[in-house]
Each structure stands twice: as C-alpha cells, then as structure tokens.
Amino acid sequence: MKKLIVHTLAATVILAGLATAASAIPNRPAGARKFAAEFVKAYRDCTVPNDATLNPFLSLAACSPAVESDPSCGFDPNGKGKVKIIADIPAGDLRYKVKFKRLTASCAGETLDFIIKYQQTNDDCSGGHCTAVPTELVAGSCVVTGSGTCSITSTVNTGAGGAVLAPGLETSLELHGCGMKHNGELVFTCGLLLD
C-alpha cells in the first residue's frame, strides 16, 4: 500500500480588532477564525535529488532514501496527533489545543515544542498597512507521558511569554506551517496522510 504524505500548509486566520473601515485590511474574508490540522512525521527537505517519483502524470525530483528529521520519536501503529487554533478576537490572541496519543516509547519523558510559522499583515506600521517578515514562534511545550500522550491547551501570547499578538489591530495571519520540535529538530509537522 502506497502512502502520500503532504505537509505543505497555507492558511490564513484573521484577527479583526476595532479597526475602522478606512483602515481595514483590503480584500479580507468574512471569517477565517478557525484552523485545524493533523500531524505527520517530518522528513528532511530534498536538496540534492538522486531519484524521481513514478507518478505518470507528475514525476517529481526526489531524494532516496527518505530521512526523518528526528528519528528518535514517532507514532506507534495507532498513534496520531492534531491541533486546533481559534482566534480570540477580544484578547487579540490565538487559543490552541495540541493533542498526541500513542507516541513510541522512545518519546516518553521528552519535551516537544509546538511551533507556528507565520507572516502577519496589519495596520500597525507608520506607513499604514504592512506585512512583517515570516516568523517562527515556539507557542508552548509538553512532556510525553509513559503512555505516549502529550497535550497543550494555551494561547500564543501565554506560550510566548508576552503579547506577540495585540488586541485592537486588524491582522491577517498567514500560517506557513506548524509542528512539534524535539531538541530543535522538527519531529512532527502539520499535514495529511493519503494511503
């Protein structure tokens, strides 16, 4: 059975503050305040291809063999992980919940850091609307239990130790990725498993 893992993430969450219509971000959706994803195992990027996929419709350059970014922790055969992020408009923050179950025994006692990669556009610059440089933020951590569970329920501002996102600003937050790091290496990433 062949499996296809997709871990490209493009999503936008809108934090609409108390901006006036004149200062509102142009071309914004009516909602976009919730985001949910599941986690897949993270693999190193292919930088020097030595192979190709066999798809007759779209053959892609590839690297063989596939190399896990961090092979020290993974899913057992029934393991899984998921994340849900919700914009908390009055607080100018993002509430999130990360939940893993049935991680391998080698993960027990290890700390996993929840990271969010994002870029924000808002009305908080001297020239009006601006887009900030892409940022990676550690939003919180959990320690894997002996039974292979790891969960976090928090907010981005709490996890970061300060007001990363502020109330009263109209912000478009483009999510470029999310995942879990172990000792600085991406071990799980938000994605899809097609099998």
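The values are calculated or read from the model by the stated rules, or taken from the named source; none is laboratory data. Owing to the predicted nature of the structure, the values given are computational and were not obtained by experimental measurement. With ideal geometry, Cβ positions are generated from the backbone for all residues, glycine too; neighbour counts draw on all protein chains shown.
Some observations on this one:
- Residue count, region 71-96 (criterion: β-branched (V, I, T), surrounded by fewer than 17 Cβ atoms within 10 Å (Cβ to Cβ) and outside any loop (DSSP other than H, G, I, E, B)): 1
- Single residue of region 134-162 satisfying the filter (part of a loop (DSSP other than H, G, I, E, B) and of a type in the set (G, A, S)) that is surrounded by the most Cβ atoms within 10 Å (Cβ to Cβ): G148
- Contact map, region 67-86: residues that are farther than 13 Å from K99 by Cβ paired with residues that are acidic (D, E) and surrounded by 14 or more Cβ atoms within 10 Å (Cβ to Cβ), Cβ distance under 9 Å, separation 6+ or inter-chain. Pairs shown: S69/E185; D70/E185; S72/E110; S72/E185; C73/E110; G74/E68.
- Residues within region 1-22 that are surrounded by 13 or more Cβ atoms within 10 Å (Cβ to Cβ) and either modelled with pLDDT of 95 or more or more than 19 Å from A87 (Cα to Cα) (or both), tallied: 2
- Sole residue being surrounded by 14 or more Cβ atoms within 10 Å (Cβ to Cβ) and in contact with an Asp or Glu (Cβ under 9 Å, 6 or more places away or on another chain), chosen from L175, L165, L112: L165
- Residue tally, condition within 23 Å of P77 (Cβ to Cβ) and assigned to a strand (DSSP E or B), over region 28-53: 6
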